[in-house]
Each structure stands twice: as structure tokens, then as C-alpha cells.
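Asker: Okay, handing you the structure first.
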Amino acid sequence: MFHKEGQKIILVTFFIVCAIVLLAHFYIDITWLKYALHALALIILILILQFFRNPKRVITQSFDEIVAPVDGKVVVIEEVEEPEYFKGKRKQVSIFMSPINVHVTRYAASGVIKFSKYHPGKYLVAWHPKASEENERTTVVINTPKFGDILYRQIAGALARRIVNYAEVGDSVQQGQDAGFIKFGSRVDLFLPLDCAITVKLNQKVTGNKTCIAALVETNEE
């Protein structure tokens, strides 16, 4: 299954690959070169197909957990000042996606979209400390029943040239629902309440819709 954002690119790539194969077959007499071009064209098609794959993942929705919005590796876990929306301290968890990861962005929690904004910007490598503030990015805030407002930020990387964001203010969204797509390498930052418990570790690989990123802290009431 492939994401709808990749349909045009997949179709164009398919026709280009077919053209390369046919031209090589009819116009190149050097056998090894002909088959090398065939193999190269096939590899390009396979890479495009795997990049836009959209595996179906069934999720048991929970108001008590924030799940990973994307596949990738956790590269930041720290308490930071979030200047755009909260203008205060939050726990930040950042997930870096390599070109081989699934690049679908999914909603990490159920709730109502309170804020959604696109920012044009640079294309620093996604793990650069300034990428969250200077790269092309989108900022989305979801008001959740138990965590209150949580913020996620899609960030373009050095290879990414288009961020797709489906979140619109006022929308009611469900945990695990398709929230957008980032094309060709990127990162997603989550900004969560200080009183939640982070359940992942630095450098841990996470899976969108499956890995729990944070949970509510249980309190003992007498």
C-alpha cells in the first residue's frame, strides 16, 4: 500500500524507468551496459516505492498515552523552552527519519486541532540543533482530554523539499489517523507537558502508531 502523496511521483518514475529500459534494449549494443542500465532503473523504482509505502497499522487508541507519530530514531529528549506557542518549558522528544523509514506522519493523540501553521525556512540537516527553529516546518497543537495541549512539529531535512500537513484548526482528530507526509528525509519534534512520563530512551528506534512516547504520571490519591 502506498501513500496518496506519492502517487504522482511513482507514476512518473514508472514511465521514466520503462523509457530507460526500452531505450537501453533497442539502442545499446554493449551487453553489460544495457543490463547495468536496466538494473539501475529498477533500483530507482524500488527506492521510490519503498519511500512512499504506507503500511496499515491497527492501533488501540488510548487517552493515557502519546504514541510515536512517525518511524525513526529518538535523537532528543530534554526539557526546553518552546517559544512559538507555549512560550514556556516543555519536554521535547525528537524523532529523526532516514530516507529508508516510513515517512507518513500520524496523530500522536486524539483531540481537537487548536493551532496549525506553516513556516518556510532553510534545509539544514534534520539533526542540526537549529533545525527546529530555522528549517521549513509546520507546527500543530492538539488539545487532548488528559494531556492538555501537545505540540508536534514536522521539520524538513537536507533532502526534504515538501511538507504535507493535513491538520486544520477546529478539526477533531483520532490517534493514529493520517496527519501528513514529509518527502525525502526529515524529523518530527514533540513538545509535551512537564508532568508526563517519557517512556522512550535516547537512540531508541520507534514505530509510528505502535511505540508509546509518553504516559500520564500516576498519582496516589488518599
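Asker: Scan the range 12-35 and tell me whether some residue there is in contact (Cβ under 8 Å) with a residue 40 or more places away in the chain, of a type in the set (Val, Ile, Thr) and within 21 Å of residue 164 (Cβ to Cβ).
Answerer: Among the residues of the range 12-35, not one is in contact (Cβ under 8 Å) with a residue 40 or more places away in the chain, of a type in the set (Val, Ile, Thr) and within 21 Å of residue 164 (Cβ to Cβ), which makes the answer no.
Asker: Return the only residue of 63, 15 being open to solvent by 50 Å² or more (accessible area, probe 1.4 Å), over 24 Å from residue 152 (Cβ atoms), over 19 Å from the mean Cα position of the chain (by Cα) and not charged (D, E, K, R).
Answerer: 15
Asker: Residues 137, 162: which one is at pLDDT below 90, closer than 24 Å to residue 6 by Cα and open to solvent by 50 Å² or more (accessible area, probe 1.4 Å)?
Answerer: Values: 137 fails: open to solvent by 50 Å² or more (accessible area, probe 1.4 Å).
So the residue among 137, 162 that is at pLDDT below 90, closer than 24 Å to residue 6 by Cα and open to solvent by 50 Å² or more (accessible area, probe 1.4 Å) is 162.
Asker: Quick one: in the range 80-91, which of the residues that are assigned to a strand (DSSP E or B) and touching a Leu at 6+ places or on another chain (Cβ under 7 Å) is most open to solvent (accessible area, probe 1.4 Å)?
Answerer: Top of the filtered list is 89.
Asker: Checking residue 69 against (1) in a loop (DSSP other than H, G, I, E, B); (2) over 15 Å from the mean Cα position of the chain (by Cα), only one condition comes out false. Which one?
Answerer: All conditions pass for residue 69, except number (2).
Asker: Continuing with the same structure: Of all residues being in a strand (DSSP E or B) and modelled with pLDDT under 95 in the range 96-116, which is surrounded by the fewest Cβ atoms within 10 Å (Cβ to Cβ)? Just the residue, please.
Answerer: So in the range 96-116, the residues in a strand (DSSP E or B) come out as 96-97, 104-106, 111-116.
So of that shortlist, the ones also modelled with pLDDT under 95 come out as 96-97, 104-106.
Details: 96: 21, 97: 25, 104: 24, 105: 26, 106: 23.
Here the residue is 96.
The values are calculated or read from the model by the stated rules, or taken from the named source; none is laboratory data. Bear in mind the structure is a predicted one, so any value in this text is a computation, not a measurement. Cβ coordinates were reconstructed from backbone atoms using ideal geometry, including for glycine residues, and neighbour counts include every protein chain displayed. Note: areas computed on protein heavy atoms with side chains; ligands, DNA, RNA excluded. Shrake-Rupley method; radii C 1.70, N 1.55, O 1.52, S 1.80 Å.
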